[in-house]
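Just below is one structure, and these are the notes that go with it.
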Amino acid sequence: MSAPSLPAPAPASAGLFSTPPAAASGRHLLGLEGMSRAALEGLLEESAAERDWLRKGAPNRDDLAGCSVMLTFIEDSTRTRTSFEVAARRLGANVFTFSASTSSLNKGETLLDTMKVFEAMGAQLVVLRHSQSGSPAYLARHLPRTGIINAGDGMHEHPTQGLLDLLTLRDAWGGRFEGRRLAIVGDIAHSRVARSAIAGLTTLGALVTVCGPGTLMPAEVESLGCARAETIEEAMTDADGVMALRIQQERMEKGLLPSLVEYARVWGVDMARVERMKDDAVVMHPGPVNHGVEVDSTIAEYGRNVILQQVANGVAARCAVLRRCWSAWKAELS
Amino acid sequence: MSTLTLFQNATHWRTGERVTIAVEDGVVVPIPRRGHEHARVLDARGAVLAPGLVDLHVHLREPGQSAKETIDSGTRAAAAGGFTAVACMPNTVPAVDSPAWVEWVRHRTGNAAHARVYPIAAVTVGQKGGQLAPLMAMARAGAVAFSDDGHPVASAAMMRRALEYARPTGLPIVCHEEDPELRGEGVMNEGFTATRLGLRGIPGAAESVMCRRDVDLAELTGGRVHLAHLSTAQSFETLRDARRRGLPVTGETCPHYWILTDEAVGDYDTNAKMNPPLRTAEDVRACIAAIADGTVDCLVTDHAPHTPDEKNRPFSEAPFGVVGLETALALTITFLVEPGHVSLARAIELWTAAPRRIFDLPEVDLEPGSVADLVLFDPRSEWTVNPKLFYSKGRATPFAGWTVRGRVLATMMGGRFTHLAPDVEFEHQLVLPAGAAT
């Protein structure tokens, strides 16, 4: 018998989740995957403008006047939470911070119940960091009057990190992504940063090569639109940049790496490997850096190390996202 | 006086001939040659009459989890799906791991159940894998098989002991095939969709390596192994190999594995979260091929209801499991029979005689003398799956909103109607069959 063909595509499920929100539309920013090139370029343009404004040290604005932003970080974060807070305050929002450790989540209340309470209290935008992939999409389906901004969900996406990475590369590459190639090295499997970067870069026409230990490489990673290299030397040769990912031991099962010493030796970014890249290639890292593990200490002296630029661009990118989501919120719901 | 029921002009499930079947006092009887004062006649023109369907793999959630399902609601759903018998898994709270609980399940059903309920008993105490449950005593109490379903028997040595010890009962051990360490914290099939969504994956090998192990243990011990809810191409190949070698191994699969791939998870849809998880297109093709070539011995639903609140959670938090009793027949007709993978008669056999053979359940037929456990269905009738109309307390199904073909018109158990579609009408009359002498 010949191989039977699969049944014809069936209608979309009309079950609990009958109306999945687009990854990035309207008042939500859930991910960069699925965002159109035009939308992404527009957001980058706005981010660049925000960056220029921030660099001038100009007074705060009131773009988000009347907007209550709830910073909901169920998972620990310093730089992302602070970056969002700085961005929201610079634009004149009312900013509230939700601390999971002292909340009713510890009494068994569900995340959705807690968020409904915030919605009832008038929070228009929720910036959510959560350890479970898909949590922002889940909330977006169930909160009719709130905009959800994904500040990192499990191993899925970290879209504002993706935007700040793109903004940094846009500056470093003179605004041209077409034909450029970034190597992403390390723990791809657990990295939401990598997924957002791959989605954004491939949408803009850049090429991405990933590499890392097999135990930290997700299944069928090439299907994300990137190439896979077996060695870091192969990945970095002639690249226009390298992004070293943090080894996230807190999110890893045991036994995925023999030791950090071996990791540093085989997968660490050092000057010898940097010299394989193009002359104007950049070194990136989403931070916080495990010094001497993902990036050798000599890289601190490398002139095209843009790690702190990434941090600075984070505030700009988040200003642009907050402003856009608030505008959409007003258009849809006010 | 007893009531005579006549299914007139029905299509015989196996022969395809137009037949009239008479039922009286709970059994199929010859068509009376004389009139009958208390008769009801059902015009079954265009519908197929078959023995009631049997599902060897359902979760009725009692004892202990009646918010998810009860024996009453679960068997009501079974009747609506054309089933007259179900075997229920012991992963309840507490687990059915003693003769007392086996008897409790049997007696709980009593006369009120809407389908015959056959308890499956746990292999190990509390399904924890550490100590054999009293298999012999539970068999005497009425268990029809043993299983730690919901949990794999992780230790090969424990599975060997269970097979050796259970041998005198003649009952199979239904194996939930999943290597716990390979599964890890996975929540869906390992592959592109899991990578895209950032969800932890369960590799197909988590299932297939355990299948291989248990086939080898069946060979070692001579014990009967029934491989539950198979989902991967490698597992089907292992079952095929076991059959070739004449080992006492059988296997089953479920509708979602011959219809859906892991892409159905889409955007974190928990209606597509089941265990084993939905697999790849290659696995779907292998599943259909294994059904078509007779490798798969029977079809089951793995009906696994949860409350809507439990399923309506972020994907990683939501429990595994979807319901299936009320859609099984239509999904079989729509996706196995209509595309020509199996004939309707073969499909019905996979839901009736085949499972009965595996668990040694009493035979049911349309011949006079057989117990009247029957289903009447219209194989061409189209309907749209609407979970709100389910009799099961569970609502989660990946097929909500799908248009399918094959609708159950009536289900009869022991001569009593356990389900009747709203549009089924009887004529009550003095029966005088055509040509009958009066």
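The values are calculated or read from the model by the stated rules, or taken from the named source; none is laboratory data. From a predicted model like this one, the values you see are computed outputs, not experimental measurements. Here Cβ is always computed from backbone atoms with ideal geometry, including for glycine, and neighbour counts include all displayed protein chains. The area values use the complete protein model at the heavy-atom level, side chains included, leaving out ligands, DNA and RNA. Shrake-Rupley method; radii C 1.70, N 1.55, O 1.52, S 1.80 Å.
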Checking A:Ala100, A:Ala93, A:Ala123 in turn, the sole residue that is free of Cβ contacts under 8 Å to residues at least 60 places away in the same chain, more than 22 Å from the chain's Cα centre (by Cα) and more than 14 Å from chain B (Cβ to nearest Cβ) turns out to be A:Ala123
- Query: Based on what the data block shows, is B:Ser343 at pLDDT 95 or above, among the hydroxyl-bearing types (Ser, Thr, Tyr) and either open to solvent by less than 30 Å² (accessible area, probe 1.4 Å) or farther than 20 Å from B:Cys287 by Cα (or both)?
  - Reply: no
Per the filter on segment B:77-94, residues outside any loop (DSSP other than H, G, I, E, B), in contact (Cβ under 8 Å) with a residue 60 or more places away in the chain and of a type in the set (A, V, I, L, M, F, W, C) are B:Ala77, B:Ala78, B:Ala79, B:Ala80, B:Phe83, B:Ala85, B:Val86, B:Ala87
The number of residues in segment B:233-243 that are crowded, with 24+ Cβ neighbours inside 10 Å and closer than 12 Å to B:Ala289 by Cα is 1
Per the filter on segment A:209-219, residues within 14 Å of another protein chain (Cβ to nearest Cβ) and assigned to a strand (DSSP E or B) are A:Val210
The helices (runs of 4 or more DSSP H) lying wholly within segment B:244-329 that contain at least 3 residues that are open to solvent by 30 Å² or more (accessible area, probe 1.4 Å) are B:281-292, B:308-311
Result of the Cβ filter at 6 Å on segment A:184-212, keeping first residues that are open to solvent by 10 Å² or more (accessible area, probe 1.4 Å) and partners that are among the small types (Gly, Ala, Ser), at least 6 apart or interchain, is A:Arg192/A:Gly152; A:Thr202/A:Gly225; A:Thr209/A:Ala183; A:Thr209/A:Ala227; A:Thr209/A:Ala229; A:Thr209/A:Ala235
If you go through segment A:105-117 one residue at a time, do you hit one that is within 14 Å of another protein chain (Cβ to nearest Cβ) and within 18 Å of the chain's Cα centre (by Cα)? no
Counting only residues in segment A:132-145 that are surrounded by fewer than 24 Cβ atoms within 10 Å (Cβ to Cβ) and in contact (Cβ under 8 Å) with a residue 40 or more places away in the chain, the one farthest from the other protein chains (Cβ to nearest Cβ) is identified as A:Arg145
Checking B:Thr352, B:Thr334, B:Thr307 in turn, the sole residue that is polar (S, T, N, Q), at pLDDT 95 or above and under 15 Å from the mean Cα position of the chain (by Cα) turns out to be B:Thr352
Does A:Phe177 satisfy the criteria of being of a type in the set (Phe, Trp, Tyr), closer than 19 Å to A:Ala317 by Cβ, more than 16 Å from the chain's Cα centre (by Cα) and more than 14 Å from every other protein chain (Cβ to nearest Cβ)?
yes
With the first residue restricted to segment B:168-188 and required to be on the phi < 0 side of the Ramachandran plot, and the second required to be among the basic types (Lys, Arg) and open to solvent by less than 40 Å² (accessible area, probe 1.4 Å), Cβ contacts under 7 Å at 6 or more apart or on different chains are B:Val187/B:Lys273; B:Met188/B:Lys273
Filter segment B:369-418 for residues that are open to solvent by less than 10 Å² (accessible area, probe 1.4 Å), closer than 16 Å to B:Phe335 by Cα and assigned to a strand (DSSP E or B); the one that is farthest from the other protein chains (Cβ to nearest Cβ) is B:Gly406
The lone condition B:Leu217 fails out of (1) within 30 Å of A:Arg192 (Cβ to Cβ); (2) away from every other protein chain (no Cβ under 14 Å); (3) not small (Gly, Ala, Ser) is (1)
